[in-house]
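Asks: Shown below is the structure under consideration.
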Protein chains: 2
Amino acid sequence: MQKATTIFPNPPSIVTSAAVGGKMEHEGPYGGCFDKINDDPYFTTDTFEKGESQLQKQAVRMALEKANLKEDDIDVLIGGDLLDQCVGTTYGVRGYSFPFLGIYAACSTMSEGLLLASMLTAGGFAGLAMAVTSSHFCTAERQYRMPLNYGGQRPPTAQWTATAGGALAVSPEGKAPYVRGVTIGRIVDMGITDANNMGAAMAPAAYSTIREFFEDTGMRPADFDHIVTGDLGKVGSRLLAQLGDKEGLDLRSNHLDCGLMIYDSDKQDVHAGGSGCGCAASMLCGHFIPELRSGRLKNILFVATGALLSPTVSQQGESIPSISHLVWLSSERGK
Amino acid sequence: MQKATTIFPNPPSIVTSAAVGGKMEHEGPYGGCFDKINDDPYFTTDTFEKGESQLQKQAVRMALEKANLKEDDIDVLIGGDLLDQCVGTTYGVRGYSFPFLGIYAACSTMSEGLLLASMLTAGGFAGLAMAVTSSHFCTAERQYRMPLNYGGQRPPTAQWTATAGGALAVSPEGKAPYVRGVTIGRIVDMGITDANNMGAAMAPAAYSTIREFFEDTGMRPADFDHIVTGDLGKVGSRLLAQLGDKEGLDLRSNHLDCGLMIYDSDKQDVHAGGSGCGCAASMLCGHFIPELRSGRLKNILFVATGALLSPTVSQQGESIPSISHLVWLSSERGK
């Protein structure tokens, strides 16, 4: 089998990033990490979907502004989201004139976007490549589960889709953090059919990609400050550790999950944790990238996870295939 | 503004391609170009969506078989489709163990997939990169417009979503055809709101990308045997030519549109032509790539077009943003 891991001889640099969020994300433990907060779930538009688009529009603009970049500096924008036909993205960024590549990776969108942005810059095809994504609690609930007005009960395994977005830009040259390597995920389907238990569906995909990275590189979990998954939540994080235990891979000591970080599980009623493309993206862009830039963190693996289901096929009784893409981020460029 | 066009100094090669289709595609003028025909719209499954997945599964398998490739030879598969959350792709290819990158570009999916596969191989990140996509009349109608059982009337501007799929593999080394260059499209939204007139919505995006390629390269339409758009159909093709006329760019002499090729408009009741990711993909994989391989065609521009709407935002009164990615294919590798 071919190696899915690429280690960059000349690691590209993340030159800017921005995180935007909603009211609940502001009230969470990392509320201070957001560059912009929107208290209105409609974002002053008249529908939740148009609101979600604003998250991406804002994240891109903030990321540009923070690095004094102009729209014309960006060679390509890579983006996607959870909504049908990725309209959070396309309507969010249509006002910009960037060359645009749409991606779909469910909640692993930011790791796929960052991975591709890194390859396109490292390969010499872009001087500055941007990645963006978002999610919105109200759009996701009515699309994947029930309209909010229905007032459906959420089981304990359910996660809370973050109303958040993140954008970043990658350049062949620049300061820390650096993208040292990436592993492209493979689709894993262990037969989970419960759309209210995404953590269980996604944990095997995260484990598969993490194990493959360590096999391909000969590195060990202890080489990293943290292994950061996207939104496995309580259920999926427990499963990930157990999968590691079985094969002697310690994924307990330094594992973090953005879904368990973004909200305060005691005070905020989110059941098994946060989720959504915007969860991992905003924690990466608002917290981890600044920590790596400052040198407070040296090395992390960013491993966002995506459940590749749709309501249509779920209603047809199908199980949930999942995927997880991995990005090795470092405060050092390497030799 | 940055150039969206990349010309490859060492053009990658398309080493295999396969096209699969349904009954109506078989009855069309290019029916003999398909590697596999499925007369059953359910593809022996119990739902149209599961049926569409079979198109991608088959296209990938046929493309591998035609070049005596094994699954392990593929370093990355890039795929997407029109269905919510791209389930035609994810459920179609989950049985393969390829590293997988999901993309969303509506009916321009094959040009985005081929563009990315070319960059990843030319950049040294993959030895063999595969791209796949599909569309299915019955899944698209019930998702974008009306369930078939409703028996809705289709206006003359409506197009017929092809039940078809295509897959191809790109390598840094190999025989013709070669991918000489690509142009990443920009999102264009001219305010069209009629979801039954996709051709009109997409023509400006196709024109924008084609014009940008000629500006970036200094080449002219006459340098190509054909400029091949994806699925502009009758309405969009007319508009494209008119947009060219306005700026003195001759897009009449050698323009072809896959949507006008795949069906016989006199005998098959398809109104303004074919459409769908599978339309352009199957014409490329089943007809144009073999023609370039044999040398009967020397140079074409493959310019698939995508309408980036969703039913949700259409119902909210939104207009239709569109995109078009361009790939220059040649029987010659260049100097």
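Asks: Amide H neighbours of B:Ala158 under 5 Å, counting only residues 5+ apart in sequence or on other chains, H built in-plane at 1.01 Å?
Replies: So B:Ala158 has HN proximity to B:Ala272.
Asks: Something else about it: Can you give the charge dipole size of the protein assembly as shown about its Cα centre, rounded to the nearest 20 debye, using +1 on the beta carbon of Lys and Arg and -1 on the beta carbon of Asp and Glu?
Replies: Working: 54 positive and 72 negative charges, 192 e Å.
So the magnitude is around 920 debye.
Asks: Determine ³J(HN,Hα), in whole Hz, for all residues of the stretch A:56-64 in sequence, where each value follows from phi through the Karplus function 6.51 cos²θ - 1.76 cosθ + 1.60 and θ = phi - 60°; x replaces Gly and Pro.
Replies: 6, 4, 5, 4, 5, 5, 5, 5, 5
Asks: Further question on the same structure: Grab the other residues whose beta carbon is less than 13 angstrom from that of B:Pro221, score K and R as +1, D and E as -1, and report the net.
Replies: Values: positive: B:Arg211, B:Arg220, B:Arg252; negative: B:Glu215, B:Asp223, B:Asp225, B:Asp245, B:Glu247, B:Asp250.
Result for the local shell: -3.
Asks: If you place +1 on the Cβ of every Lys and Arg, -1 on the Cβ of every Asp and Glu, and leave all else neutral, what size is the dipole of chain A about its Cα centre, to the nearest 20 Debye?
Replies: Details: 27 positive and 36 negative charges, 102 e Å.
It works out to roughly 500 debye.
Asks: How many partner chain Cβ atoms sit within 10 Å of a residue's Cβ in peptide B:201-211, on average, as a whole number?
Replies: Numbers: counts 0, 0, 0, 0, 0, 0, 0, 1, 1, 0, 0.
Across B:201-211, the average partner-chain Cβ count within 10 Å equals 0.
Asks: What ranking, highest mean first, results for peptides A:17-23, A:274-280 when packing means the other Cβ atoms within 10 Å averaged over each residue?
Replies: Details: A:17-23: 26.9, A:274-280: 35.3.
Per-residue mean Cβ counts within 10 Å order the peptides as A:274-280, A:17-23.
Asks: Anything over 25 Å Cα to Cα? Flag those among B:Lys66/B:Lys298; A:Lys36/A:Lys70; A:Lys3/A:Lys246; A:Lys298/A:Lys335; A:Lys36/A:Lys267; A:Lys3/A:Lys66, in the order listed. Before the final figure, lay out each step's value.
Replies: Working: B:Lys66/B:Lys298 23 Å; A:Lys36/A:Lys70 19 Å; A:Lys3/A:Lys246 23 Å; A:Lys298/A:Lys335 15 Å; A:Lys36/A:Lys267 22 Å; A:Lys3/A:Lys66 36 Å.
Pairs exceeding 25 Å: A:Lys3/A:Lys66.
Asks: Label-to-label distances across copies for A:Asp223, with labels 7 Å out along Cα→Cβ, in nm, shortest first?
Replies: 4.5
Asks: Note down the relative contact order for chain B as a percent, whole number, built from C-alpha pairs under 8 angstrom at least six residues apart.
Replies: On the way: 891 pairs, mean separation 85.0, N = 335.
Dividing the mean separation by the residue count of chain B yields 25 percent.
Asks: Return the FRET efficiency for the residue pair B:Gln153, A:Tyr42: r is the Cβ-Cβ distance, R0 is 30 Å, and the value is rounded to the nearest 0.05. Numbers along the way, then the final one.
Replies: Numbers: r = 35 Å, r/R0 = 1.18.
Calculated value: 0.25.
Asks: Considering chain B as a Gaussian network with a 10 Å cut-off on Cα pairs, which listed residue, B:Phe100, B:Phe213, B:Phe302, attains the greatest mean-square fluctuation?
Replies: Residue with maximal mean-square fluctuation among B:Phe100, B:Phe213, B:Phe302: B:Phe100.
Asks: Quick one: 3J(HN,Hα) in Hz for the stretch B:200-214, Karplus 6.51/-1.76/1.60 with θ = phi - 60°, rounded, Gly and Pro as x.
Replies: For the stretch B:200-214, the Karplus-derived couplings read 5, 5, 8, 4, x, 5, 4, 4, 4, 6, 4, 4, 5, 4, 5 Hz, x marking Gly and Pro.
Asks: Suppose a student asked you for the relative contact order of the stretch A:5-171, using Cα pairs under 8 Å spaced at least 6 residues apart; what percent would you report? Before the final figure, lay out the partial values.
Replies: Values: 327 pairs, mean separation 51.6, N = 167.
Over the stretch A:5-171, the number comes to 31 percent.
Asks: Give me the percent of DSSP beta bridges within chain B that run antiparallel, rounded to the nearest 5.
Replies: Working: 34 of 55 bridges.
Bridges in chain B are about 60 percent antiparallel.
Asks: List residues of the stretch B:13-54, by number, whose backbone nitrogen lies under 11 Å from a label position 7 Å along Cα→C-beta of B:Glu65.
Replies: Counting backbone N atoms under 11 Å from the label point, the list is B:35-37.
Asks: Can you give the relative contact order of the stretch A:178-330 as a percent, counting alpha carbon pairs under 8 Å and 6+ residues apart? Could you put the intermediate results ahead of the total?
Replies: Values: 304 pairs, mean separation 59.1, N = 153.
Taking the mean separation of contacting Cα pairs over the length of the stretch A:178-330, I get 39 percent.
Asks: Per the Kirkwood treatment, what hydrodynamic radius in Å, one decimal, follows for the protein assembly as shown from the mean inverse distance over all distinct Cα pairs? Could you put the intermediate results ahead of the total?
Replies: Numbers: mean 1/r = 0.0413 Å⁻¹.
One over the average 1/r among Cα pairs gives 24.2 Å for the protein assembly as shown.
Asks: Something else: GNM on chain B, C-alpha springs below 10 Å: top fluctuator among B:Ser135, B:Ser282, B:Ser97?
Replies: Its mean-square fluctuation being the largest, the pick is B:Ser97.
Asks: Could you check what % of the DSSP bridge pairs in the protein assembly as shown are antiparallel, to the nearest 5?
Replies: On the way: 71 of 113 bridges.
DSSP beta bridges in the protein assembly as shown are roughly 65 percent antiparallel.
Asks: I'd like the distance between the alpha-carbon centres of the stretch A:48-77 and the stretch A:265-320, rounded to an integer number of Å.
Replies: Each part reduced to its Cα centre gives a spacing of 20 Å.
Asks: Return the long-range amide H neighbours of B:Leu128 (sequence gap of 5 or more, or a different chain), with a cut-off of under 5 Å between placed amide H atoms.
Replies: B:Asp75, B:Val76
Asks: Please average, across the residues of B:5-12, the number of beta carbons from any other chain that are within 10 Å of each residue's own beta carbon, and give a whole number. Let's see the in-between values first.
Replies: Working: counts 1, 6, 0, 1, 1, 0, 0, 0.
Neighbouring Cβ atoms belonging to other protein chains average 1 per residue here.
Asks: Under 11 Å from the Cβ of A:Gly21, count the other residues' Cβ atoms, weight Lys and Arg +1, Asp and Glu -1, and hand me the total.
Replies: Details: positive: A:Lys23, A:Lys36; negative: A:Glu25, A:Glu27, A:Asp35, A:Asp39.
Every neighbour counted, the sum reads -2.
Asks: Additional query: How large is ³J(HN,Hα), in whole Hz, for each residue of the stretch A:318-335 in order, when computed from phi with the Karplus curve 6.51 cos²θ - 1.76 cosθ + 1.60 and θ = phi - 60°, using x for Gly and Pro?
Replies: 6, 7, 10, x, 10, 8, 8, 9, 10, 10, 8, 10, 9, 7, 10, 7, x, 6
Asks: Using a Gaussian network for chain B with springs between C-alpha atoms less than 10 Å apart, which of these wobbles most: B:Ala222, B:Ala158, B:Ala205?
Replies: B:Ala222
Asks: Let me ask something additional. For the rotation that superimposes chain A on chain B, which residue of A has the C-beta lying nearest to the axis, and at what distance in Å?
Replies: Axis relating chain A to chain B; nearest Cβ residue and distance: A:Gly123, 1.
Asks: Charges at C-beta only: +1 for Lys and Arg, -1 for Asp and Glu. How large is the resulting dipole of the stretch B:5-171 about its Cα centre, in Debye rounded to 20?
Replies: On the way: 11 positive and 17 negative charges, 32 e Å.
Once rounded to the nearest 20, the dipole reads 160 debye.
Quick note: the coordinates plus some simple rules give every number you see, no bench work behind them. From a predicted model like this one, the values you see are computed outputs, not experimental measurements. Note that we place each Cβ from the backbone using ideal geometry, even for glycine, and neighbour counts take in every protein chain shown.
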